[in-house]
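Everything below concerns the one structure shown next.
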Amino acid sequence: MESSPLESSIVELNNVGLAHFLSGDYQRAIDSLGMACHVIDRFQSQPIDGYSVPNGPQQLYSACDDGISSTMNQYIDQVLRKTPPSKNPEPSNFSNSSSGTIHSLYNRGLVMATGQCGHILTGEYLHCTSAVILYNLALVYHNMGVRQGISAALPHALQMYESAFHRLRRVTCIVECHKLLLAILNNMGNIFAQSFQVDHTVECFKQLRQALSIPNPSMDVDEDYIFFLLNALFQPKELCFAPAA
């Protein structure tokens, strides 16, 4: 399917934003990814959950009206009931760009493949596209918090991760966005762990373990899944034994 100028613009803005992120220019990364959100807003004629650009400066909104933990429980339980084991899942729409890891942080932005941008605004792909951009925005704010010591950026990152998760709730075939779901849960747990919110941390990694039980043959050949598994098993235990301040 031939891509439209609108779709090409979204892909370019996302990938340019990640290039700025990898170079350490976080403000330009936010500007590019924020513009990608704005383009999707115009396409949908309504704001993306968790992000809006009304007049100039970006404003962040949480998409969580209900409890995020209970919502995750319900969603993952539904996926496990509906998803049969499969040896031939649909290929992922997004490839990964690595920038290393910090402790339990999954620090990889999601690059949109230019060859598949012909349907990123079609049906459920629109929700995946929005979730990817929101996740990438969250990752930029997350790095501002942990690399630059800007603690005020972490609540913004958490809001973006939650908003990306709520977009994924609208996707039927979660196998296509499985790694994105794992990354969101993992990185939310990372933020809670850094602030020593034990209960929230344990809950996030519990959900991560449940999400890892969703059948996906890619787990056998992708080292990222080992990273998620090790974090899901050991990160809460490490937090419990952390020295008191």
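The values are calculated or read from the model by the stated rules, or taken from the named source; none is laboratory data. This structure is a prediction, so every number in the text was calculated from the model and none was measured. Quick reminder, even Gly has a Cβ in these numbers, built from the backbone with ideal geometry, and neighbours come from all protein chains shown.
Looking only at residues that are in a helix (DSSP H, G or I) and in contact (Cβ under 8 Å) with a residue 12 or more places away in the chain in segment 107-122, which one is surrounded by the most Cβ atoms within 10 Å (Cβ to Cβ)? Show your work before the answer.
Step one: list which residues in segment 107-122 are in a helix (DSSP H, G or I), which gives 114-119.
Applying the additional criterion that residues be in contact (Cβ under 8 Å) with a residue 12 or more places away in the chain yields 114, 116-119.
Details: Thr114: 13, Gln116: 18, Cys117: 24, Gly118: 15, His119: 15.
Step by step, filter segment 107-122, then rank; the result is Cys117.
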Selection status of Phe192, modelled with pLDDT under 95 and in contact with a helix residue (DSSP H, G or I) (Cβ under 6 Å, 6 or more places away or on another chain):
yes
Can you pull out every residue in segment 123-163 that is free of Cβ contacts under 8 Å to residues at least 12 places away in the same chain and not in a helix (DSSP H, G or I)?
Gly123, Gly149, Ile150, Ser151, Ala152
Ile184: passes all of (1) among the β-branched types (Val, Ile, Thr); (2) in a helix (DSSP H, G or I); (3) over 13 Å from the mean Cα position of the chain (by Cα) but (3)
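Looking only at residues in segment 208-225 that are outside any helix (DSSP H, G or I) and of a type outside the set (Gly, Ala, Ser), which one is nearest to His142 (Cα to Cα)? Walk me through it before giving the result.
Taking segment 208-225 first, the residues outside any helix (DSSP H, G or I) are 213-216, 221-222.
Pick out the ones that are also of a type outside the set (Gly, Ala, Ser) and you get 214-216, 221-222.
On the way: Ile214: 26, Pro215: 29, Asn216: 28, Val221: 28, Asp222: 24 Å.
So the residue we want is Asp222.
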Could you tell me whether any residue of segment 201-215 is within 20 Å of Leu22 (Cβ to Cβ), in contact (Cβ under 8 Å) with a residue 12 or more places away in the chain and over 11 Å from the mean Cα position of the chain (by Cα)?
no
Which residues, taken from segment 175-189, are buried (at least 22 other Cβ atoms within 10 Å of the Cβ) and at pLDDT below 90?
Cys177
Give Phe205, Phe234 a once-over and let me know the one that is in a helix (DSSP H, G or I) and either buried (at least 17 other Cβ atoms within 10 Å of the Cβ) or among the hydroxyl-bearing types (Ser, Thr, Tyr) (or both).
Phe205
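Here is a check on your reading of the model: is Phe196 within 21 Å of Asn231 (Cβ to Cβ), of a type outside the set (A, V, I, L, M) and either free of Cβ contacts under 8 Å to residues at least 40 places away in the same chain or in contact with a Ser or Thr (Cβ under 9 Å, 6 or more places away or on another chain) (or both)? First the steps, then the outcome.
Details: within 21 Å of Asn231 (Cβ to Cβ): yes; of a type outside the set (A, V, I, L, M): yes; either free of Cβ contacts under 8 Å to residues at least 40 places away in the same chain or in contact with a Ser or Thr (Cβ under 9 Å, 6 or more places away or on another chain) (or both): no.
Taking the combined requirement at face value, the residue does not satisfy it.
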